[in-house]
Amino acid sequence: MIAVVAVAQVGSLFAADAWNNVTFTAGEVKNPHRDLPLSLAIGTGVVILLYMLANLGYLAVLPLAGDPHGATILTRGIQYASEDRVATAVVQQIVGPAGAGIMAIAILISSFGCINGLILAGARVYYAMAQDGLFFASAGRLHHQYRTPAYSLIVQCVWTCVLCLSGSYGQLLDYIIFAVMLFYILTIGGLIALRFRRPDQPRPYRAIGYPVLPVIYILMAIFIDGVLLRYKPQYTWPGLIIVLLGVPVYFLWSKKGVLASVQSSV
């Protein structure tokens, strides 16, 4: 049962994954010591509140349990909503058959808004890497007119197209969430390591619940990744290999000689 719950977390983890994307622009924020923690707290808090209110709305309109052979949306309930589309079933119950179209439009609007934020934030990662000498130098340059990381956006576009052609939506979720969880483990592990290696470093904001919450998160993330490796190996193992390939690439790129030759070729 625990393994099933871990595998089922892929969808929900993906739905909440962009909570930390505001940190991608940390180097361009005027007052990051104040604004970044505040943005993370407000953004995460609002999303949690909206999710809770949405689920309360579902429970207020449809019964939790239902009949798999029910003739109506109400008799099937949340448990046996068509294709597990609970929100669509709720809107259809409220406004009738037009509810499916209304929900489809709402999903499109939400998706476009999410994609817009992810594209703008994600390109800043390549830009920051290039600024640190760990990626192609062209990715660290801004467009002369719009002041945007144009080359980074192009690189991101190409990689996104490759991913879109590599598998189905569900398979991409398994691949992405597995890799993302690895980086979250490394990031939080880095927090703990820096506390030991640089105890006197200025820390303008505190990690709430340290060290208990970070350790619990790392253990849970390791468990989820382990379960995904065991039960969904088709895309998790390739994801692990790609992440591990980044280790030698990082060390090679960080050497000035290699970096200079790559930049000159670009």
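Any read-out appearing in this document is the output of simple, stated calculations on the displayed coordinates, not a laboratory observation. Owing to the predicted nature of the structure, the values given are computational and were not obtained by experimental measurement. Here Cβ is always computed from backbone atoms with ideal geometry, including for glycine, and neighbour counts include all displayed protein chains.
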| Roughly how many nanometres apart are two label points built 7 Å out from the Cα toward the Cβ at LEU74 and ASP17? | 4.0 nm
| remark: In nm², the average projected area of the convex hull spanned by the Cα atoms of the chain is 18.5 nm²
| said: Between helix 256-265 and the chain, what is the angle of the helix's C-alpha long axis to the longest principal axis, kept within 0 to 90° and rounded to the nearest 10? | reply: 70 degrees
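Restricting to Cα pairs below 8 Å that are 6+ residues apart, what does the relative contact order work out to for the chain? Please round to a whole percent. Before the final figure, lay out the partial values.
On the way: 204 pairs, mean separation 48.6, N = 266.
Contact order relative to length: 18 percent.
Based solely on its DSSP helices, what 222 nm [θ] is calculated for the chain when runs of n ≥ 4 H residues each add -39,500 (n - 2.57) and the sum is averaged over all residues, nearest 500 deg cm²/dmol? Numbers along the way, then the final one.
Values: 10 runs with 186 residues, N = 266.
Theoretical 222 nm ellipticity from helices: -24000 deg cm²/dmol.
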| Relative to the first principal axis of the alpha-carbon coordinates of the chain, what is the inclination of helix 150-164, with its axis defined by its Cα atoms, in degrees from 0 to 90 and to the nearest 10? | 50 degrees
| note | Taking only the alpha-carbon atoms of the stretch 92-161, the convex hull volume per residue, in cubic angstrom, is 107 Å³
| Using alpha-carbon coordinates, inclination of helix 233-253 to the longest axis of the chain, degrees | 20 degrees
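Subtract the Cα-Cα distance of ASP84 and ALA121 from 0.36 nm times their separation in residues, and report this length gain in nm to one decimal.
Details: separation 37, 0.36 × 37 = 13.32 nm, distance 3.09 nm.
Extra length available between ASP84 and ALA121 comes to 10.2 nm.
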| query | Remind me, relative contact order of the stretch 112-178 in percent, using alpha carbon pairs under 8 angstrom and six or more residues apart? | reply | 22 percent
